[in-house]
Amino acid sequence: MTIRRISSEERLTASFPLLGYAFEHSPGTADRVEELRGYLPYNEGNVTLAAEENGTAVAVASAIPMRQNIRGAVVPMAGIAGVATHPLARRQGHVRRVLTRLLGEMRDEGFVATALYPFRPSFYERFGYVGFPMPRTVTVAPADLASFLRLDLPGEITWQRIKDGYDSYRAFTQRFLAERHGFAVFPDFRAARQRDRNEEWLITAVVDGETVAAVPYRISGHAQDLVAGDLLATDPVARALVLQFFARHVDQVERITMTVAADENPELWGTDLAAHTEAKIHFPGSSAPMARILSMPALTGIDAGPGRLTVEVVDDPFIAGSYLLDGESGRLEVTPTDSPATATLTAAGISALVYGVLDPVEVVLRGFGAIPDAAAATLRSLFPRRTPNLFAAF
Ligand SMILES: CC(C)(COP(=O)(O)OP(=O)(O)OC[C@H]1O[C@@H](n2cnc3c(N)ncnc32)[C@H](O)[C@@H]1OP(=O)(O)O)[C@@H](O)C(=O)NCCC(=O)NCCS
């Protein structure tokens, strides 16, 4: 078995057929080569590795060169996608080897973190990934948004096809990238797919000439659903402008659904607002994202609370070693060291603390490290809990 990086054109014969079998209905009837050729530009800058036996790809995995905000710093992040093994070649360790190689290559190219949507978290936990909170899907009847109709709000809504509003939407997501912990965006070549498919409407809320909210959506049919994507709004007024617009669909649709971050509370948006807020996890169909750190020294500069200690990261091919973590300046400084460590962490353990998804006590409970009480207090201060919202879905 050999592993190699495949070219863009080779995706047509090496990776797309394995991915088609793994993720689509099959066997397909039509000759899809031309259709698949149309996907190539959106994969152009990805790194795709294939494990080959006798010149035939039996397992593939790709990394999308993305960017992510980690506690205020925007870093290169490898979004892992398109992981599949031929049905006759499964359970032979192919993906374990391909993924280990891929993560190593991405780390060597300067990627500080990696994220993915797991088919089963336990599989990726062994690669050092830790779970993020699941975004919520909110479903409301438009009549329950009636109170927003009476609000006198500043600003205005622009309404257009996503193709026409794409540039301003993309710029708005870049603003969230700069400001929101955990937020990640695609590279241009991949993000453009949303523009080119042009399957959504886009509303944008603008106050004093500045975009403050944007939501893509579609309508499934008369008396059916208005299905919105992520509700991205900079503040409550921006959110109210969007909800006011949606409320005007009371005689058109039965339900409005939208995606919100895990720390949003739709029940507090208004009085008598009957909202169904759901985070449904099931495998392999609907999973919360996972992420991990690929470089410790590159975390220098992220926001940190006061504290200073040495941790040892163990059992990991990418970040094993001892590091002095110092947050006294308000920004983290990470220095490799030979000094004795006061806490031992797996890659999932340090990733959980950096992303703010687990308390040190939970890190120990989950089997991600050994942390004495004093070190737990320092780590809790260095890495206060945060709620990362990945946003990009891949
Ligand atoms: C999931 C899939 C990619 C695994 O590929 P594979 O080549 O069979 O995986 P490997 O043989 O390298 O398995 C690596 C390890 O994970 C374990 N593993 C494999 N499938 C697993 C599963 N469904 N649940 C938990 N662990 C699993 C293996 O036992 C192995 O452990 P080991 O190294 O201790 O022996 C493959 O089954 C597949 O293509 N599935 C359909 C598509 C899919 O779900 N892709 C993943 C999208 S995120």
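The values are calculated or read from the model by the stated rules, or taken from the named source; none is laboratory data. Since the model is a prediction, treat every value here as computed from it, not as a measurement. Glycine also receives a Cβ, built like all others from the backbone with ideal geometry; neighbour counts cover every protein chain displayed. Ligands, DNA and RNA are excluded from the accessible area calculation, which covers all protein heavy atoms including side chains. Shrake-Rupley method; radii C 1.70, N 1.55, O 1.52, S 1.80 Å.
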task: For THR310, indicate whether it is more than 21 Å from HIS181 (Cβ to Cβ), open to solvent by less than 50 Å² (accessible area, probe 1.4 Å) and part of a strand (DSSP E or B).
output: yes
query: Within region 48-88, how many residues turn out to be more than 13 Å from the ligand (Cβ to nearest atom), out of contact with any Gly (no Cβ under 9 Å at 6 or more places or on another chain) and free of Cβ contacts under 8 Å to residues at least 60 places away in the same chain?
result: 4
field: Positions within region 113-164 being within 16 Å of the ligand (Cβ to nearest atom) and assigned to a strand (DSSP E or B), in sequence order
entry: THR114, ALA115, LEU116, VAL130, GLY131
- request: Considering (1) among the hydrophobic types (A, V, I, L, M, F, W, C); (2) in contact (Cβ under 8 Å) with a residue 24 or more places away in the chain; (3) farther than 24 Å from ILE80 by Cα, say which one LEU324 fails and leave the rest.
  value: (2)
statement: If we ask which residues in region 349-380 are over 18 Å from the mean Cα position of the chain (by Cα), in a loop (DSSP other than H, G, I, E, B) and crowded, with 16+ Cβ neighbours inside 10 Å, their number turns out to be 4
query: Out of curiosity, is GLU105 farther than 18 Å from PRO388 by Cα, more than 21 Å from the chain's Cα centre (by Cα) and acidic (Asp, Glu)?
result: no
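Can you tell me which of TYR21, TYR42 is among the aromatic types (Phe, Trp, Tyr) and out of contact with any Lys or Arg (no Cβ under 6 Å at 6 or more places or on another chain)?
Exactly one of TYR21, TYR42 is among the aromatic types (Phe, Trp, Tyr) and out of contact with any Lys or Arg (no Cβ under 6 Å at 6 or more places or on another chain), namely TYR21.
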task: Provide a single number: the residues in region 89-99 that are of a type in the set (Gly, Ala, Ser) and either crowded, with 21+ Cβ neighbours inside 10 Å or within 6 Å of the ligand (Cβ to nearest atom) (or both).
output: 1
query: Would you call PHE391 touching an Asp or Glu at 6+ places or on another chain (Cβ under 8 Å) and within 18 Å of VAL112 (Cβ to Cβ)?
result: yes
